[in-house]
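This report refers to the structure that appears directly beneath it.
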Amino acid sequence: MTMQIFTKRAELSPYLDTLRERGQSIGFVPTMGALHRGHMSLVERSRASCAITVCSIFVNPTQFNDPSDLARYPRPIEQDISMLQAAGCDILYLPETEDVYPEGGQGRTFDLKGLDRLWEGASRPGHFAGVAAVVDILLDITHPDKLFLGQKDLQQYTILRQLAATNYPATEVVMCPIIREAHGLAMSSRNIRLNAAQRIHAGSIHATMEYARILSSILPLPEARETGRNSLNGLPGFSVDYFTFVRLADLSELEVLDGTEPAAIITAVIVDGVRLLDNMVL
Ligand code: AMP
């Protein structure tokens with residue numbers, strides 16, 4: 001079946017209503033394009049459990065606090081369409097900004113309970129407010145049975161799980177595992193800014209999380225954290241923004257790992273000028 005492409009929500013919404021009335025379950029995968037195997041794994045997860053898979057590609061201006069970052073975000077749209085088609089995606093929503101934010105609107109504002117100010121939020125003010133606003137609009141358009149999100153963006157997942165639970169209780173949020181390149185670097189649309197040698201080098205981020213995970217079982221947690229952070233900072237071209245252990249529930253920092261609550265290592269590292277995010281659920 002050929003993938004259908006919609007550019008107008010006024011056409012997509014009623015079409016999805018018709019499918020839903022026929023009893024077809026809908027899986028939704030929101031993206032900003034420049035698709036890679038990580039995105040494709042979300043499409044595959046959706047296809048495995050939903051009758052219809054809807055993907056969106058929209059580079060959301062409200063989540064960029066740096067206009068030059070927005071301007072240089074990669075947009076290989078023909079290649080993206082071919083990849084989605086080959087992966088068996090049924091419907092692509094590919095809107096212009098005006099269709100998502102009519103009349104220059106910015107979408108709704110949500111109380112993100114401080115989660116928007118931690119970690120990524122600390123260095124990107126307003127970023128998660130923009131993410132919440134656009135995903136709210138996309139969920140209002142699609143009303144999916146399941147929303148597929150990557151663990152790669154753990155803080156985003158945590159915020160959107162909360163947003164969906166409150167505002168779209170009929171939608172189940174599914175967290176999908178991180179897909180990595182051969183040497184351990186988490187796949188990301190931004191990796192195209194790294195050359196082959198830099199990508200291999202950046203595999204040290206994953207290796208260091210493994211190391212810190214092992215250290216956490218034999219050393220006090222602050223020591224495991226410092227050792228991990230220092231070893232990454234010691235690599236040429238690497239600069240750690242954060243590298244720490246957190247509670248999975250609310251991403252608050254942990255000082256002791258006693259196994260009573262689910263935890264994760266989260267990190268953001270700038271490698272040769274490219275900010276890379278990664279995490280590991282313990
Ligand atoms: P983005 O296009 O970067 O907004 O990402 C769209 C979705 O794909 C988000 O739910 C991401 O968490 C997810 N994603 C991005 N990279 C990966 C990856 N390496 N593995 C799994 N999911 C990913």
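Structure data summary
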{"quantity": "Considering only the chain, percent of DSSP beta bridges that pair antiparallel, nearest 5", "calculated": "50 percent"}
{"quantity": "Normalised contact order of segment 48-142, rounded percent, pairs of Cα under 8 Å and 6 or more residues apart", "calculated": "39 percent"}
{"quantity": "Ranked by how many other beta carbons lie within 10 Å on average, peptides 2-9, 200-207, 270-277 from highest", "calculated": "200-207, 270-277, 2-9"}
{"quantity": "The chain: angle of helix 221-233 to the longest principal axis, Cα-based, in degrees nearest 10", "calculated": "80 degrees"}
{"quantity": "In degrees, nearest ten, helix 204-215 long axis to first principal axis of the chain (Cα)", "calculated": "60 degrees"}
{"quantity": "Other-chain or far-sequence residues with amide H under 5 Å of Ala263's (modelled H)", "calculated": "Leu248, Leu282"}
{"quantity": "Helix-derived mean residue ellipticity, 222 nm - over the chain, DSSP H n ≥ 4, -39500 (n - 2.57), to 500", "calculated": "-12000 deg cm²/dmol"}
{"quantity": "Per-residue HN-Hα couplings for segment 149-155 [Karplus 6.51, -1.76, 1.60; θ = phi - 60°; Hz; x = Gly/Pro]", "calculated": "10, x, 4, 3, 9, 5, 5"}
{"quantity": "Burial ranking of peptide ranges 123-130, 39-46 (average Cβ count within 10 Å, highest at the top)", "calculated": "39-46, 123-130"}
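Each reported figure results from applying straightforward, stated rules to the coordinates on display, with no laboratory input. Bear in mind the structure is a predicted one, so any value in this text is a computation, not a measurement. With ideal geometry, Cβ positions are generated from the backbone for all residues, glycine too; neighbour counts draw on all protein chains shown.
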